[in-house]
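Working notes, beginning with the structure itself.
What follows draws every value from the coordinates through simple rules; no lab data is involved. Predicted model only: the values in this text are computed from it and were never measured. Note: ideal-geometry Cβ built from the backbone for every residue, glycine included; neighbour counts use all protein chains shown.
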Ligand SMILES: [Zn+2]
C-alpha cells in the first residue's frame with residue numbers, strides 16, 4: 001500500500017483552504033488508487049467526505065469552509081486512499097493548518113505525557129462543540145435567527161443539530177477549584193472555576209464541554225498554552241463547572257462504567273513497597289523474605 005507524506009493545509013484567503021498531500025515513492029501503479037478528502041471540526045469525527053474519488057491528484061481546494069464567523073475553529077483533514085482492485089483502504093494522518101510537529105516538540109509532548117499519565121492526570125472526556133452545520137430543527141427560529149429553547153434536547157441549546165461532535169477520552173490534570181460566591185439581590189450563586197492542563201490533543205476551544213470521572217461537567221472558558229514553531233505542545237484552560245440540573249447534565253456519555261479507569265495505569269512501580277512484605281504481624285522478618 002502507498003504511504004502518505006507531507007500533508008498540509010495552506011491558504012491566505014478567507015474563501016478557501018488548499019489541502020495538499022503527497023505519497024512516498026512507490027513501484028505500485030498509482031492509477032489504481034482513488035483519493036477521498038475528509039474534513040471534521042473535531043479529531044474524533046464525525047468525518048464528512050468533501051471530495052473524491054480523485055485519481056493521481058494530490059491537491060484539493062476546499063471552498064466550502066465556513067471561516068468567517070469565528071476564530072475558535074480548527075478544521076482537521078485526512079485523506080483516504082482506496083486501492084480499487086483489492087478494496088483496501090489507507091488513511092493519511094490527521095492534519096490542520098498548524099502543520100506537523102517537530103522532533104523537539106514531540107519529545108516535549110512525550111515528557112509532559114509521562115508527567116500526566118504517571119503522576120497528575122485523571123480521566124476526562126471532551127465533547128467538541130459544533131460551530132457550524134445544520135441548524136437545530138427543533139428550537140432554531142429562522143426569523144429571529146436565534147435559539148428559542150434553552151433546554152432543547154436536540155441540540156443541547158447550542159443551536160446546531162446534535163450539539164457536539166463525538167466525545168474524545170483523554171487524561172488531564174485538574175486543579176482544586178477557585179470558589180466564588182456571586183451575590184445579587186435575588187440569589188447567591190456558588191461558581192466554581194477550575195484550571196486544567198493537558199497535552200496538545202484533543203484540541204480544546206472555548207464553549208466545549210468537558211466531563212471528568214466524577215461526572216463533574218465543565219464549560220471551557222479560556223484556552224492558552226505553549227507552542228513550539230507554531231505547533232501547540234501543551235494546553236492550559238480555565239473551566240467553569242456547569243450548574244447541576246442544566247441541560248448539559250442530560251448529554252449521554254456512553255461508556256461502560258465497569259471498565260472506566262479513573263486514573264491512567266502506572267507504567268513505573270516502586271519495587272520497594274511494603275506490599276512485598278509478609279502481611280502477618282507474627283512474621284516481622286517477612287519483610288526480608290524470611291518464612292519460619
Ligand atoms: Zn435545539
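The table that follows gives values for the structure above.
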{"read-out": "Gained length - residue 214 relative to residue 5, 0.36 nm times residue gap less alpha-carbon distance", "value": "71.1 nm"}
{"read-out": "Cα centroid of segment 247-269 to Cα centroid of segment 127-190, whole Å", "value": "22"}
{"read-out": "Alpha-carbon Debye profile of the chain, log10 I(q)/I(0) at 0.06, 0.13, 0.16 Å⁻¹", "value": "-0.29, -1.06, -1.38"}
{"read-out": "Length-normalised contact order for segment 15-165 - Cα pairs under 8 Å, 6+ apart - percent", "value": "19"}
{"read-out": "Mean Cβ count within 10 Å, highest first, over the residues of peptides 229-239, 122-132", "value": "122-132, 229-239"}
{"read-out": "Mean shadow area of segment 4-91 over all directions, Cα convex hull, nm²", "value": "6.2"}
{"read-out": "Linear extension gain, residue 179 paired with residue 44, 0.36 nm per residue minus alpha-carbon span", "value": "45.3 nm"}
{"read-out": "Burial order of peptide ranges 54-62, 141-149 (average beta-carbon count within 10 Å, highest first)", "value": "54-62, 141-149"}
{"read-out": "Length added when fully stretched, residue 224-residue 257, from 0.36 nm per residue minus Cα-Cα", "value": "8.7 nm"}
{"read-out": "Cα gyration tensor, segment 157-223 - rounded (a/c under 1.5), prolate or oblate", "value": "oblate"}
{"read-out": "Distance in nm between pseudo-label sites at residue 14 and residue 54 (7 Å out along the Cβ direction from Cα)", "value": "2.5"}
{"read-out": "Residue 246-residue 207 pseudo-label distance in nm [points 7 Å out on the Cα-to-Cβ vector]", "value": "1.3"}
{"read-out": "222 nm mean residue ellipticity, helices alone, for the chain (DSSP H n ≥ 4; -39,500 (n - 2.57); rounded to 500)", "value": "-1500 deg cm²/dmol"}
